[in-house]
Amino acid sequence: MAKYIRPTLHTKFHIDFGWWNKKGQNLKIQLQSQACDDAIRRYEELGEGKTFDWVNPETGEVHQVDILWYLIHTHCSQAPDFLIGPAPLVSAIFRAFLANNNTPLTPIELSEQIQKKSPELILRTIGRHQIYQGIRPVANPV
């Protein structure tokens, strides 16, 4: 049985693609809700459902990711209000990971990026047993 370690302000979090698959959730729907109109238009032109290999910068794991991820990361995230615009806290955190190509971030780093809430509030939101939008602590290598 896995031991649960309580995350701290210095614990790194990321979007866990395995969580989306395990829970039978559709990551594409979540991505569409975060995409700008231009990215959606480009996505439809390129052909919905195309994927590419995304490599986790921390672990080297390779995941198949929808091309919409790439469009959000390279286009939508460049808009001035993408990270600091009006959005619920969990959505703002999810967007921060999209903008950073899912590079693991601590609650302190997330707070600096989304300029919204305190690191403590971010930790209370994403650092519990409940997992929102696949955001969870990065597994420590054994």
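The values are calculated or read from the model by the stated rules, or taken from the named source; none is laboratory data. Predicted model only: the values in this text are computed from it and were never measured. Neighbour counts are summed over all protein chains in view; Cβ atoms, including those assigned to glycine, are modelled from backbone coordinates with ideal geometry.
Taking the stretch 11-41 as the range and being out of contact with any helix residue (DSSP H, G or I) (no Cβ under 7 Å at 6 or more places or on another chain), part of a loop (DSSP other than H, G, I, E, B) and closer than 28 Å to residue 111 by Cβ as the test, the residues that pass are 11, 12, 16, 23, 25.
Restricting the stretch 90-142 to residues that are assigned to a helix (DSSP H, G or I), under 13 Å from residue 14 (Cα atoms) and of a type in the set (D, E, K, R), the residue that is modelled with the highest pLDDT is 109.
Being under 20 Å from residue 42 (Cα atoms), in contact with a Lys or Arg (Cβ under 8 Å, 6 or more places away or on another chain) and among the hydrophobic types (A, V, I, L, M, F, W, C): is that true of residue 84 here? Judged against the criteria, residue 84 is not a match. Starting from residues that are surrounded by 12 or more Cβ atoms within 10 Å (Cβ to Cβ) and acidic (Asp, Glu), keep the ones in the stretch 31-54 and report whichever is modelled with the lowest pLDDT. Among residues in the stretch 31-54 that are surrounded by 12 or more Cβ atoms within 10 Å (Cβ to Cβ) and acidic (Asp, Glu), the one modelled with the lowest pLDDT is 48.
Do we find a residue being farther than 20 Å from residue 132 by Cα, out of contact with any strand residue (DSSP E or B) (no Cβ under 6 Å at 6 or more places or on another chain) and of a type outside the set (Phe, Trp, Tyr) anywhere in the stretch 21-36? Yes.
What about residue 28, is it on the phi < 0 side of the Ramachandran plot, in contact with an Asp or Glu (Cβ under 6 Å, 6 or more places away or on another chain), surrounded by 12 or more Cβ atoms within 10 Å (Cβ to Cβ) and of a type in the set (D, E, K, R)? Considered against the rule, which asks whether it is on the phi < 0 side of the Ramachandran plot, in contact with an Asp or Glu (Cβ under 6 Å, 6 or more places away or on another chain), surrounded by 12 or more Cβ atoms within 10 Å (Cβ to Cβ) and of a type in the set (D, E, K, R), residue 28 comes out as yes.
Pick from the stretch 57-112 the residues that are within 15 Å of residue 136 (Cα to Cα) and touching a strand residue (DSSP E or B) at 6+ places or on another chain (Cβ under 7 Å): which of them is surrounded by the most Cβ atoms within 10 Å (Cβ to Cβ)? So the residue we want is 93.
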